[in-house]
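Okay, structure first, notes after.
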Amino acid sequence: MAISVMGLFCEDIREEKNDILTLVGLVPDNANVAGGDEPIPAGKTKVIPKLCVYVRINYDPKNPCGSAAVRLIMPDGSKHPLGDIDAALMETGRAQALARGNLLAGVTFRAVMSPLPVKSGGHLKVEVEIGSETHLAAALNLNFVSNAATASAPPSVQ
C-alpha cells in the first residue's frame, strides 16, 4: 500500500474560511535556540515558546489503511504522543476520494506545542505510525547557540 506522510514545523497554523489552513513562519531544517551557553537554574528547563506541526497523510483510496498514531520524538529520544487519527476518519477520507474520483485520499493532523520544553539540541522528529509501519513525517535540527551568536553585530565605526 502506497502511503505518503509529510510534516512541516511552523510558528502558527491559522484556520481560514472554507477549510483553508495558513501555515505561518515555516521553520527551516535547522533552527537555532538562543541561550545554549547559559546554565539552567535548578527546577527549570529551556523552552521554545511555540512550535506547531502540520502533517498530511496521502494514501491509495482503493486500500483501507486503519488508524494512525502521531508522536513527537525529542532530541534525547523520549517519545511523546501528539494524538491519533482514528480509522473512521481515515475511512471517510478514503470513501470521499473514491466518490470524487481522486487519485489519492488524504487526511491532515496538526498540533500546537506551547511551550515546548527542550533539554538539549539535536533532532526533533515527528513520526506517524500506520499499522506496523512507522513514517518519519518531519525533522528539525535544534542547535543550541550562545546569545552572543544570535545577536546582530554592532555597526562598524569608521
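Given the structure, is residue 102 in contact (Cβ under 8 Å) with a residue 12 or more places away in the chain, open to solvent by 80 Å² or more (accessible area, probe 1.4 Å) and farther than 17 Å from residue 127 by Cα? In short, no. The criterion of being at pLDDT 95 or above and open to solvent by 80 Å² or more (accessible area, probe 1.4 Å) does not hold for residue 137.
So which of 40, 73 ends up being in contact with a strand residue (DSSP E or B) (Cβ under 7 Å, 6 or more places away or on another chain), touching a residue at least 12 places away in the same chain (Cβ under 8 Å) and of a type outside the set (Phe, Trp, Tyr)? Even if it seems obvious, please write down each step before you answer.
On the way: 40 fails: touching a residue at least 12 places away in the same chain (Cβ under 8 Å).
Within the list 40, 73, the selection yields 73.
Within region 106-126, restricting attention to residues that are under 13 Å from residue 75 (Cα atoms) and in a strand (DSSP E or B), the residue that is nearest to the chain's Cα centre (by Cα) is 126.
I'm trying to understand the selection: among the residues of region 42-73, which are more than 12 Å from residue 118 (Cβ to Cβ) and among the hydroxyl-bearing types (Ser, Thr, Tyr)? Listed by number, the residues that qualify are 54, 59, 67.
Would you confirm whether or not region 73-95 contains a residue that is at pLDDT 95 or above and touching an Asp or Glu at 6+ places or on another chain (Cβ under 7 Å)? For region 73-95, residues at pLDDT 95 or above and touching an Asp or Glu at 6+ places or on another chain (Cβ under 7 Å): present.
Looking at the structure I just gave you, is residue 81 exposed (fewer than 12 other Cβ atoms within 10 Å of the Cβ), on the phi < 0 side of the Ramachandran plot, part of a loop (DSSP other than H, G, I, E, B) and within 13 Å of the chain's Cα centre (by Cα)? Steps first, answer last, please.
Numbers: exposed (fewer than 12 other Cβ atoms within 10 Å of the Cβ): yes; on the phi < 0 side of the Ramachandran plot: yes; part of a loop (DSSP other than H, G, I, E, B): no; within 13 Å of the chain's Cα centre (by Cα): yes.
Spelling it out, it is not the case that residue 81 is exposed (fewer than 12 other Cβ atoms within 10 Å of the Cβ), on the phi < 0 side of the Ramachandran plot, part of a loop (DSSP other than H, G, I, E, B) and within 13 Å of the chain's Cα centre (by Cα).
Consider residue 126 carefully, then state whether it is open to solvent by 30 Å² or more (accessible area, probe 1.4 Å) and closer than 24 Å to residue 15 by Cβ. Judged against the criteria, residue 126 is not a match. Residue 65 falls short on exactly one of the conditions (1) without any contact (Cβ under 8 Å) to a residue 24 or more places away in the chain; (2) surrounded by 11 or more Cβ atoms within 10 Å (Cβ to Cβ); (3) of a type in the set (A, V, I, L, M, F, W, C), and that condition is (1). Among the residues of region 9-60, the ones that are open to solvent by 50 Å² or more (accessible area, probe 1.4 Å), among the small types (Gly, Ala, Ser) and touching a helix residue (DSSP H, G or I) at 6+ places or on another chain (Cβ under 7 Å) come to 1 in all. Contact map, region 9-30: residues that are hydroxyl-bearing (Ser, Thr, Tyr) paired with residues that are open to solvent by less than 40 Å² (accessible area, probe 1.4 Å), Cβ distance under 8 Å, separation 6+ or inter-chain. Pairs shown: 22/13.
The values are calculated or read from the model by the stated rules, or taken from the named source; none is laboratory data. Keep in mind that this is a model prediction, so the values were computed, not measured. All Cβ positions, even for glycine, are placed from backbone atoms using ideal geometry, and neighbour counts span all protein chains on display. When the accessible area is computed, the model is the full protein with side chains, heavy atoms only, and any ligands, DNA or RNA have been set aside. Shrake-Rupley method; radii C 1.70, N 1.55, O 1.52, S 1.80 Å.
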